[in-house]
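FYI, it's all coordinate maths here, none of it is from the lab. Quantities reported herein were computed from a predicted structural model and do not represent experimental measurements. Reconstructed Cβ throughout: ideal geometry from the backbone, glycine too, with neighbour counts over all protein chains shown.
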Amino acid sequence: MESYNSFKVARQQVLEAAKLLNLDDATKEFLSTPQLETNFTLPVKMDSGKTQIFHAFRIQYNHARGPAKGGIRFHPEETVDTIRALACWMTWKTAVVDLPLGGSKGGVRCNPKILSEMELERLSREYIRAISPMLGVDIDVPATDVYTNPQTMAWMMDEYETITKRHSPGVFTDKPIQVGGTEGRRDATARGGIITVREACKAYGFDPTKEFAIQGFGDAGQRAALLHKEMLGGGKLIAASDSRGAIYNKKGLDPEELVHHKLKTGTILNFPGAKKIPHEELLELDVEILYPAALENAINIKNAKNIKARVVCELANGPTTPDADLILFKNNVHVIPDILASAGGVTVSYFEMVQDKSLFFWEEEDVHKQLDKKLTLAYKRVQEAIKEKKVHPRLAAMLVGVARVAQACQLRGWV
Ligand code: GLU
């Protein structure tokens, strides 16, 4: 929703946590402002022979706990403020799961759906040429995000290594396995989210074998649809959406067939047996678990009161606005906030960095086991904060994340 500025939202969340933590003014100011921002242009030769100028960003929000970490998005509506917000959320996300990393994010304002493979490659390489001195295993480590993928990371890593004349695969994560990627990264965000749903079901008695819906059938959404049943012992996917529309079938949508259909046709629309419903209706369906897995501000002041899901597991970054958070809390909707629910991706990215550094690669089951340990522990820590402070889950998660980052800043003597 355009009426929300994502960075204003993110800042408001930080300041609220900072107030409850009694942080001093300097710390508050420091933690609600990015440490380093770059805003640049990329001239790219298009297939037509003409040059097109793209606007790009990389923001290192905070690196007190370790190298900055965060994905790169290719999206037509990218602005400096969306990237600021996303970099901010990465900072608390890595802290909530207790990774020795900071937070960053990058983006290019472009529509990758209308770019050719060659144009995407040139754009990716140009992006790295512009910011390579800002990157490094011990400085800032990008990864995939909306509309970027392991191939994008392979091009970027290659460009970086060409410039620096050194192999350093750990500067990018979510790479293809053949060039230093890790097992278990592709479904890590969804897997992490489902681990947190499992813990929520244990803690509050929700029933994962009932109906669920997925808003945003991209990478994370598709993997969640596939893993939900496998990891939670059942459950019926009754609705899903993508940028083109939403579909519904009371009897259930077969996740595997729907993934196949999306791959074949490029959309979930016209899936046999399903009817098209308005986008907004999907979010308001009476389901046990709702997975918002698209973009920011999807659940907001307009629709929060109509949300009937018992659990909202946020696989997207920033899908719920602060005003909506209060309504959901009042209505007893259990929100598993993005900085916890979507932390599986960056957690396995961290495992990828560890493996790249040691040149020793783990088996898939080791990745799954370590991910489960990290996410279960983080869920429990946030639960404790909910109980201790009697606050809604996002604020509780923010309290955990912000306190850890504040402590690192203080120990360094920055504030
Ligand atoms: N883009 C993912 C996120 O928002 C992963 C980031 C990473 O692995 O660095 O969490």
Note to self: How would Glu37, Glu183 line up from fewest to most surrounding beta-carbon atoms within 10 angstrom?
What the structure shows: Glu37, Glu183
Check: Roughly how compact is the range 232-319, stated as its Cα Rg over 2.2 N^0.38 Å to two decimals?
Finding: 1.06
Next item on the list: For the range 66-118, compute Rh as the Kirkwood radius over C-alpha pairs and then the Stokes-Einstein diffusion coefficient at 20 °C and 1.002 mPa s; write the answer in µm²/s, rounded to an integer.
Entry: 181
Next item on the list: Show which aspartates and glutamates lie in cross-link reach of Lys50 when reach means a straight Cα distance below 13 angstrom and same-chain residues fewer than eight apart are skipped.
Entry: Glu119
Notebook entry, point to check: So, with +1 on the Cβ of K and R and -1 on the Cβ of D and E, and no other charges, what is the size of the charge dipole of the range 151-307 about its Cα centre, to the nearest 20 debye?
Noted result: 120
Checklist line | Descending Cα extents along the principal axes, the range 361-406, whole Å | finding: 40, 21, 12
Margin query: As a quick test, which of the pairs Lys202/Lys389; Lys202/Lys373; Lys93/Lys369; Lys69/Lys373; Lys236/Lys302; Lys236/Lys373 have an alpha carbon distance above 23 angstrom in this structure?
Written below: Lys236/Lys302; Lys236/Lys373
Notebook entry, point to check: Which value, in nm² and rounded to one decimal, describes the direction-averaged projected area of the C-alpha convex hull of the range 159-230?
Noted result: 6.6
Next item on the list: Please report, to one decimal in angstroms, the Kirkwood hydrodynamic radius of the range 294-344 built from all distinct Cα-Cα pairs.
Entry: 10.7
Item checked: With 10 Å bins from 0: P(r) over the range 105-220, alpha-carbon pairs, percent -> 12, 37, 27, 15, 8, 1
Checklist line | Relative contact order %, the chain, counting alpha carbon pairs below 8 Å whose residues are six or more apart | finding: 17
Note to self: Return the equivalent ellipsoid semi-axes of the range 272-377 as a descending list in whole Å, where each equals the square root of 5 times an eigenvalue of the C-alpha gyration tensor.
What the structure shows: 33, 16, 12
Note to self: Just to confirm a number: summing +1 for Lys and Arg and -1 for Asp and Glu over residues other than Gln410 whose beta-carbon lies under 13 angstrom from that of Gln410, what do you get?
What the structure shows: +3
Notebook entry, point to check: Regarding the chain, what are the three Cα extents along the principal axes, ordered largest first, in Å?
Noted result: 55, 53, 45
Item checked: the chain: calculated mean residue ellipticity at 222 nm from DSSP helix runs of at least 4, using -39500 (n - 2.57) -> -14500 deg cm²/dmol
Next item on the list: Sort Val146, Val108 so that the residue with the fewest other Cβ atoms within 10 Å of its own Cβ comes first and the one with the most comes last.
Entry: Val146, Val108
Notebook entry, point to check: At Glu29 and Lys202, where each label point lies 7 Å from the Cα along Cα→Cβ, what is the point-to-point distance in nanometres?
Noted result: 4.4
Checklist line | Where the Cα pairs of the range 155-293 fall when distances are cut into 5 Å bins, in % | finding: 2, 10, 18, 18, 15, 12, 9, 8, 5, 3, 1, 0
Margin query: Going Cα to Cα from Lys264, which lysines come in below 22 Å? Please leave out same-chain ones fewer than 8 positions away.
Written below: Lys113, Lys275, Lys276
Check: What is the sum of charges around Gly70, taking Lys and Arg as +1, Asp and Glu as -1, for the other residues whose C-beta is under 10 Å from the C-beta of Gly70?
Finding: +3
Note to self: With unit charges on the beta carbons (Lys and Arg positive, Asp and Glu negative) and the dipole taken about the Cα centre of the range 93-229, which residue among Gly192, Val137, Ser104 sits farthest to the positive side?
What the structure shows: Gly192
Check: Rg and Dmax of the range 1-157, Cα atoms, in Å?
Finding: 16.3, 57
Checklist line | Rg/Rg_globular for the range 197-240, with Rg_globular taken as 2.2 N^0.38 Å and Rg from C-alpha atoms | finding: 1.12
Checklist line | Förster-model FRET efficiency, 41 Å R0, Glu365 and Lys50, C-beta, rounded to 0.05 | finding: 0.25
Notebook entry, point to check: Over the chain, what is the percentage of antiparallel beta bridges among all DSSP beta bridges, to the nearest 5?
Noted result: 50
Next item on the list: Write down the percent of antiparallel bridges among all DSSP beta bridges whose residues are both part of the range 5-151, to the nearest 5.
Entry: 65
Margin query: Could you identify which residue out of Thr94, Thr162, Thr38 has the top mean-square fluctuation in a GNM of the chain using Cα springs shorter than 10 Å?
Written below: Thr162
Next item on the list: Note down the relative contact order for the range 337-415 as a percent, whole number, built from C-alpha pairs under 8 angstrom at least six residues apart.
Entry: 29
Checklist line | the range 324-415 pair-distance distribution - Cα-Cα, 10 Å bins, rounded % | finding: 14, 35, 31, 16, 3
Note to self: If I build a Gaussian network model for the chain, linking alpha-carbon pairs within less than 10 angstrom, which residue out of Gln60, Gln178, Gln151 has the largest mean-square fluctuation?
What the structure shows: Gln178
Notebook entry, point to check: With a sphere of radius 14 Å drawn around the Cβ of Asn249, what net charge do the other residues whose Cβ falls strictly inside it have (Lys, Arg +1; Asp, Glu -1)?
Noted result: +1
Note to self: If packing is taken as the average number of other Cβ atoms within 10 Å across a peptide's residues, how do 128-134, 313-319 rank, most packed first?
What the structure shows: 313-319, 128-134
